[in-house]
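Let me begin by presenting the structure, written as structure tokens, before commenting on it.
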Amino acid sequence: MSGLDTLLDLAALPDGDIPETSMGIARLSLMDWMMCGRAGVPEPVAGILRNLAIAEGGAAQAAMFGGGRAPARMAALVNGTVSHAFDYDDTHFAHVGHLSVGIYPAALAIGETVDASTKAVCAAFAVGGEAAIRVGLALGRAHYERGFHQTATAGAFGATVAAGRLMGLDRAQMRGAIGLCATRATGLRCQFGTMGKPYNAGVAASAGVECAQLAALGMTAPDDGLFGQNGYLATHSDAPGELFAPDGAWLIDDMKYKLHACCHGTHAMIEALKGYKLEDVRAVSLRTNPRWLTVCDIKAPRTGLEVKFSYAWLAGMALRGDATGSDRTYTDALAADPELTAFAKAVTVTGDSALTDMQAAGEITLADGGTLGFEHDLAAPIPPNVLMQSLRDKAAALLGEEGTALCDALAPMDRMSARALGDLVEAEA
């Protein structure tokens with residue numbers, strides 16, 4: 001069986017065959033995605049995308065965060081961008097990217113268009129997310145290290161699978177949609193630290209909707225645009241691998257949720273430094289997986305957005321007790337904070353290939369000259385009830401009482417229609 005056939009089998013999997021643990025992750029990710037989208041509405045990039053959608057007009061098929069409706073493809077573009085504006089959404093480390101922001105906007109836009117249930121939208125996300133992870137693994141780290149943003153590239157294939165599943169594409173049509181996605185999936189890491197990074201997520205979601213819709217209309221595409229000769233894997237990775245079929249527990253079950261409003265690669269360090277005080281620390285020597293050195297080691301951030309990708313600044317913030325879980329903390333003024341600027345000079349960061357993406361370790365030099373080792377692993381399991389409460393706390397931090405109300409409104413999501421979910425998206429935060 002070819003890699004593409006494996007992906008097509010996954011796309012056609014009956015809802016009842018999706019593991020309940022994976023559906024549970026889909027529900028948590030929906031809640032997390034909704035709060036991130038609602039919180040992103042005031043961001044400048046959100047206004048830019050919504051203004052574009054309003055100016056372009058078209059059929060009012062799907063809701064947009066912040067209000068208004070647009071054609072499904074444009075709604076997916078807006079909602080993917082807006083929900084990633086804070087960079088506060090879920091992360092899958094094997095996939096090397098964010099899943100919800102590229103896939104849920106496509107699934108919801110089509111779900112509203114075809115009048116699906118929210119449960120069906122969640123099932124489409126679970127399958128699309130698993131597909132994106134498998135494609136991301138096949139692309140391998142070489143793809144990411146070359147400069148591609150897997151949230152947008154592998155994510156676009158997941159968005160295509162999710163959208164096509166909700167549209168009821170048959171096997172031949174899904175094959176065509178994936179073939180079209182091979183020429184539409186794009187996104188570069190050079191966008192990190194700018195509005196272009198959340199835009200990458202929107203582009204993935206929009207491409208998924210577009211490719212599924214075009215395939216349904218009969219547009220032709222390569223028989224195997226993903227694994228075939230001159231296909232996506234051959235041209236976008238130095239060392240492409242195989243696409244493995246899900247076996248037992250799905251990889252999507254390893255989803256991680258951000259509890260700090262900054263790059264996920266910095267979270268293990270932040271957790272490790274909790275409990276220490278800035279006035280007691282002279283220096284921090286951090287070891288991290290080498291892949292993070294080109295992502296979140298900005299030595300002298302110029303904006304609040306760049307602070308989210310700066311180990312040096314975030315180390316000082318964690319030690320000082322700053323509210324790293326609130327996006328409102330990351331202002332442009334923070335990049336010029338004199339105390340953080342001075343402490344950043346005492347933070348050294350080195351790569352250690354013995355550490356996984358989710359681990360951080362190092363040494364603290366105390367003001368009295370003593371030293372202490374530290375380490376943290378984000379892979380440590382979190383009980384479901386603790387994780388749910390953490391996400392509710394995150395919603396409250398982002399949106400106040402509105403966040404608590406949103407979580408309550410989503411509690412009966414299995415009995416909601418996609419259009420009812422769209423009403424929650426459209427409501428002003």
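The values are calculated or read from the model by the stated rules, or taken from the named source; none is laboratory data. In this text, all values refer to a predicted model and were calculated from it rather than measured experimentally. Neighbour counts run over all protein chains shown; Cβ positions are idealised from the backbone, glycine included. Surface accessibility is based on the protein's heavy atoms, side chains included, excluding ligands, DNA and RNA. Shrake-Rupley method; radii C 1.70, N 1.55, O 1.52, S 1.80 Å.
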message: Please verify whether residue 60 is assigned to a helix (DSSP H, G or I), more than 14 Å from residue 164 (Cα to Cα) and either among the hydroxyl-bearing types (Ser, Thr, Tyr) or free of Cβ contacts under 8 Å to residues at least 40 places away in the same chain (or both), treating the condition exactly as stated.
response: no
- line: Result of the Cβ filter at 8 Å on region 277-298, keeping first residues that are of a type in the set (S, T, N, Q) and at pLDDT 95 or above and partners that are surrounded by fewer than 18 Cβ atoms within 10 Å (Cβ to Cβ) and part of a strand (DSSP E or B), at least 6 apart or interchain, is 285/348; 285/350; 285/363; 285/365; 288/350; 288/351; 289/351
message: Any residue at all in region 236-254 that's among the polar types (S, T, N, Q) and over 15 Å from residue 137 (Cβ atoms)?
response: no
- prompt: Would you call residue 9 free of Cβ contacts under 8 Å to residues at least 60 places away in the same chain, not in a loop (DSSP other than H, G, I, E, B) and not small (Gly, Ala, Ser)?
  reply: no
Residues located in region 42-59, provided they are more than 19 Å from the chain's Cα centre (by Cα) and open to solvent by less than 70 Å² (accessible area, probe 1.4 Å): 47, 50, 53, 57, 58, 59
query: So how many residues does region 205-225 have that are open to solvent by 50 Å² or more (accessible area, probe 1.4 Å), in a loop (DSSP other than H, G, I, E, B) and in contact (Cβ under 8 Å) with a residue 24 or more places away in the chain?
result: 4
task: Name every residue in region 115-137 that is surrounded by fewer than 24 Cβ atoms within 10 Å (Cβ to Cβ) and in contact with a helix residue (DSSP H, G or I) (Cβ under 6 Å, 6 or more places away or on another chain), in order of residue number.
output: 116, 119
- prompt: Which of the residues spanning region 393-429 are assigned to a helix (DSSP H, G or I) and either of a type in the set (Val, Ile, Thr) or more than 14 Å from residue 38 (Cα to Cα) (or both)?
  reply: 393, 404, 408, 413, 414, 415, 418, 419, 420, 425
- line: Of the listed residues (275, 362, 265), the one being surrounded by 19 or more Cβ atoms within 10 Å (Cβ to Cβ) and at positive phi is 362
- request: Consider only pairs whose beta carbons are under 7 Å apart and that are at least six residues apart or on different chains; among these, list those whose first residue lies in region 70-83 and is closer than 9 Å to residue 49 by Cα and open to solvent by 10 Å² or more (accessible area, probe 1.4 Å) and whose second residue is hydroxyl-bearing (Ser, Thr, Tyr) and in a helix (DSSP H, G or I).
  value: 77/206
message: If a residue must be under 23 Å from residue 291 (Cβ atoms) and assigned to a helix (DSSP H, G or I), how many such residues does region 346-392 contain?
response: 0
field: Flag for residue 4 being part of a helix (DSSP H, G or I) and either at pLDDT 95 or above or closer than 21 Å to residue 109 by Cβ (or both)
entry: no
message: List pairs: first residue in region 41-54 and within 13 Å of residue 84 (Cα to Cα) and part of a loop (DSSP other than H, G, I, E, B), second residue open to solvent by less than 60 Å² (accessible area, probe 1.4 Å) and not small (Gly, Ala, Ser) anywhere in the structure, Cβ distance under 8 angstrom, at least six positions apart or on different chains.
response: 41/65; 41/82; 43/82; 43/86
